[in-house]
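What follows is a short report on a single structure.
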Amino acid sequence: MDSIRPAPTTDKNRRRFLVSTAGVLGAGAAGLLADALIDNMNPGKAVEALGAPIEVDVSRMEPGQLILAEWKKKPIWILRREPWMLKTLAEPSLRQRLKDPDSKRNQQPAPQFVNGDYRALRPEYFIAVALCTHMQCIPGYRPAPHTVTPWWPGGFHCACHGSMYDFSARVIEGSPAPLNIPIPPYYWMSETVARIGEVNASGFDRNWSPDIW
Ligand code: FES
């Protein structure tokens, strides 16, 4: 059973832009994934995998920090969202730009993973499969507003073909990606440890998979 604990950082000015790799990855794969997240490479053969559930310890994550783990041969984001990030998600000016603002498509394991605009069991911690639903590049983390477009609220941007996603990885109109980025099954084992790859709720379809990974 593996536990993930991101390294602390002391540079407060850069905290919103932090990207850490963590978890069950080997050092080489972790480095490749960090580069991939920033440069939007196709992960392809760079990703080695374990299919078993993984555990992620978020106790040392800073607000705004993104870490990267791996589950089932897929890169996984864990983002600790700040209050201002959460606030952007319900803005009408953003919601009207989204293809699926209410997450009605089959891109999360169960309704509790939709949770309004948050797409997370706990709004502060966003967990998603870090693959663009267009052609499976890894989108970059672009938290700073107004950087990708003048109206950009912050979120994820896939440089392969320009798909844009908000802080809940909901896809923005005009993107070639058709669907929101999938949410993996997970649950919180404690206040600080998430177990990714299974849920503890009864009635959950253990064979569930999204329409597009
Ligand atoms: S793979 Fe992301 S936009 Fe094409």
Conditions (1) under 14 Å from Pro109 (Cβ atoms); (2) in contact with a strand residue (DSSP E or B) (Cβ under 7 Å, 6 or more places away or on another chain): number failed by Pro185
(2)
Ile172: passes all of (1) under 19 Å from Lys104 (Cβ atoms); (2) without any contact (Cβ under 8 Å) to a residue 60 or more places away in the chain but (2)
In the set Val114, Val129, which member is of a type in the set (Val, Ile, Thr), touching a Lys or Arg at 6+ places or on another chain (Cβ under 6 Å) and over 17 Å from Pro153 (Cα atoms)?
Val129
Identify all residues within region 121-130 that are part of a strand (DSSP E or B) and either touching a His at 6+ places or on another chain (Cβ under 7 Å) or within 16 Å of the ligand (Cβ to nearest atom) (or both); write none if there are none.
Ala128, Val129
Give just the number: which of (1) away from the ligand (no atom under 16 Å from the Cβ); (2) more than 12 Å from the chain's Cα centre (by Cα); (3) in a loop (DSSP other than H, G, I, E, B); (4) surrounded by fewer than 22 Cβ atoms within 10 Å (Cβ to Cβ) does Leu86 not satisfy?
(3)
Give region 131-181 a look and list any residue that's within 17 Å of Arg97 (Cα to Cα), more than 6 Å from the ligand (Cβ to nearest atom) and aliphatic (A, V, I, L, M), or say none.
Val148, Met164, Ala169, Val171, Ile172, Leu179, Ile181
Could you say whether any residue in region 169-184 is on the phi > 0 side of the Ramachandran plot, at pLDDT 95 or above and part of a loop (DSSP other than H, G, I, E, B)?
yes
Every residue from region 131-168 that is of a type in the set (A, V, I, L, M, F, W, C), outside any loop (DSSP other than H, G, I, E, B) and either touching a Ser or Thr at 6+ places or on another chain (Cβ under 8 Å) or modelled with pLDDT under 95 (or both)
Met164
Name, by its number, the condition in (1) in a loop (DSSP other than H, G, I, E, B); (2) out of contact with any strand residue (DSSP E or B) (no Cβ under 9 Å at 6 or more places or on another chain) that does not hold for Tyr118.
(2)
Is it fair to say Leu68 is modelled with pLDDT of 95 or more and closer than 13 Å to Gly155 by Cβ?
no
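Taking Lys104 as the residue in question, decide whether it is within 16 Å of the ligand (Cβ to nearest atom) and surrounded by fewer than 23 Cβ atoms within 10 Å (Cβ to Cβ).
no
The values are calculated or read from the model by the stated rules, or taken from the named source; none is laboratory data. From a predicted model like this one, the values you see are computed outputs, not experimental measurements. A quick note on method: Cβ atoms are made from the backbone with ideal geometry, for glycine too, and the neighbour counts reach across all protein chains shown.
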